[in-house]
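Any read-out appearing in this document is the output of simple, stated calculations on the displayed coordinates, not a laboratory observation. This one's a predicted model, so the numbers in the text were calculated from it and none came from an experiment. With ideal geometry, Cβ positions are generated from the backbone for all residues, glycine too; neighbour counts draw on all protein chains shown.
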Amino acid sequence: MRIIFAGTPVFAVHVLDGLLESGHEIVAAMTQPDRPAGRGNKTIPGPVKMRALQRDIPVYQPENLKNSEELLKKLGEFRPDVLVVVAYGLLLPAPWLSFTPYGALNVHASLLPRWRGAAPIQRALMAGDHETGVCLMQMEQGLDTGPVLGYQKCSIFAHDTAGTLHDRLAVAGAQLLLDTLTGLSEGRLCPQPQAQRGITYASKILKEEAWIDWSKGELEIDRMIRALNPGIIARTQYLGQLIKIWEVERVTEGIQKPKFGQPGEIVGVGERGIEVCCGEGLLRIKVLQRAGAKPLPAKVFQAGTTLLTGQVFGEHK
């Protein structure tokens, strides 16, 4: 097929690479405009744009798709068979959903109708889901409401982060798309409406959500830390300084009731990490980061920062 590909982040690149290695032809790519990023706040191209330029694929970067008749006409000149959308980040007006013979197909990182929306991987981890997956959806005007052409399930493991789960889902999504395109071209696939029960929404992750509330249970905090890694990264304060928490483990061995203190209190500092009280249970911090520094294993971090038992990690005020 002749494909127009719309996507922006690394997740979309995995799918784009799968298409580039197949017999399909990417005739044009759409991606969000270059944004400032990094410490220098320099404007840099996104991952999809970089890959497209490497492969000499024409790139289009509209700010939005309102009043986009001219761009739609221009892309129509490529005679595309299908528009493939993967984490593009812009809403598609109605004309974009039907300007190719096979419409607009979206690779979505959840098992719809669970976790419609912007952050399905992170929300699945936060909720403690044991299973998620990818869906290939025929796009329509609603938010991830379109009929599904195919799906692939994926287990969520106890130590998964958003990063590890992202990578497995990206690989699964690329293969699912290729299988679906083959099925469509052979005329043997029929989109199935989504169930009307079990609908949940995965709203965008806000920075305010990254502050750890130590009064919550250790299981909930552990899920939150894994869901925000990589990305915003969970954070707390120690003696007025910002500390980012990259990795923790739940402490289940040798817990004695007198060891517990108030939520956020450091009750152990040692070779294995920094033990902190939660509203229920204990967490051992394994990797953490001072503002402006690199993430460090807890043992190395302690060599440059004095962490004392009895001190308390606190929320941002």
Estimated translational D of region 42-87 in µm²/s (Stokes, Kirkwood radius over Cα pairs; 37 °C; 0.692 mPa s): 263 µm²/s
task: Please give the helix 218-227 orientation as an angle from the longest Cα principal axis of the chain, in degrees from 0 to 90, rounded to the nearest 10.
output: 40 degrees
task: Run the numbers on region 257-311 and let me know its relative contact order in percent, using alpha-carbon pairs under 8 Å that are six or more apart.
output: 31 percent
field: Unsatisfied cross-links (Cα-Cα over 21 Å) in the set Lys244/Lys294; Lys207/Lys244; Lys42/Lys244; Lys42/Lys286; Lys216/Lys299
entry: Lys42/Lys244; Lys42/Lys286; Lys216/Lys299
task: Using only Cα atoms, find the angle between the long axis of helix 10-20 and the longest principal axis of the chain, and express it within 0 to 90 degrees, rounded to the nearest 10.
output: 40 degrees
query: Can you list the residues of region 39-69 with backbone N under 13 Å from a point 7 Å past the Cα of Lys294, pointing along Cα to Cβ?
result: none
query: What is the set of long-range amide H partners of Tyr60 at a cut-off below 5 Å, with H atoms built 1.01 Å from backbone N?
result: Ala29, Met30, Thr31
message: Using amide H atoms built in the peptide plane, which far-off residues or other-chain residues are under 5 Å from Gly103 H to H?
response: Leu83
Computed log₁₀ I(q)/I(0) - Debye formula, equal Cα scatterers, no solvent, the chain, q 0.07 Å⁻¹: -0.35
field: Ordering of 73-83, 106-116 by burial proxy (mean other Cβ atoms within 10 Å per residue, highest first)
entry: 106-116, 73-83
- prompt: In whole Å, what is the distance between the alpha-carbon centres of region 277-317 and region 19-63?
  reply: 38 Å
statement: Sorted by chain and then number, the residues having a modelled amide H within less than 5 Å of the amide H of Glu280, at least 5 places away or on another chain, are Gly217, Glu218
task: Please identify every one of the GluC sites (Glu not before Pro) in region 160-246 that sits in a loop by DSSP and has no more than 11 other beta carbons within 10 Å of its own beta carbon.
output: Glu186
message: Nothing charged except the Cβ atoms of Lys and Arg (+1) and of Asp and Glu (-1): what's the magnitude of the dipole of the chain about its Cα centre? Round to the nearest 20 debye.
response: 620 debye
message: Could you tell me the ratio Rg/Rh of region 209-304? Both radii from Cα atoms, Rh via Kirkwood.
response: 0.93
- prompt: What number, rounded to the nearest 500 deg cm²/dmol, is the helix-based mean residue ellipticity at 222 nm of the chain, given -39500 (n - 2.57) per DSSP H run of at least four residues and division by all its residues?
  reply: -7000 deg cm²/dmol
task: Mind checking which of Leu206, Tyr102, Gly150 is farthest towards the positive end of the chain's charge dipole, using Cβ charges of +1 (Lys, Arg) and -1 (Asp, Glu) about the Cα centre?
output: Leu206
message: Let me check I've understood the local charge: for Gly76, count other residues with C-beta under 14 angstrom from its C-beta, Lys and Arg +1, Asp and Glu -1. What total comes out?
response: 0
- line: Label model pair Leu239, Ser185: point-to-point distance (7 angstrom along the Cα→beta-carbon line) in nm is 6.4 nm
Region 120-237: C-alpha gyration tensor shape, a/c 1.5 cut-off, then a/b vs b/c: prolate
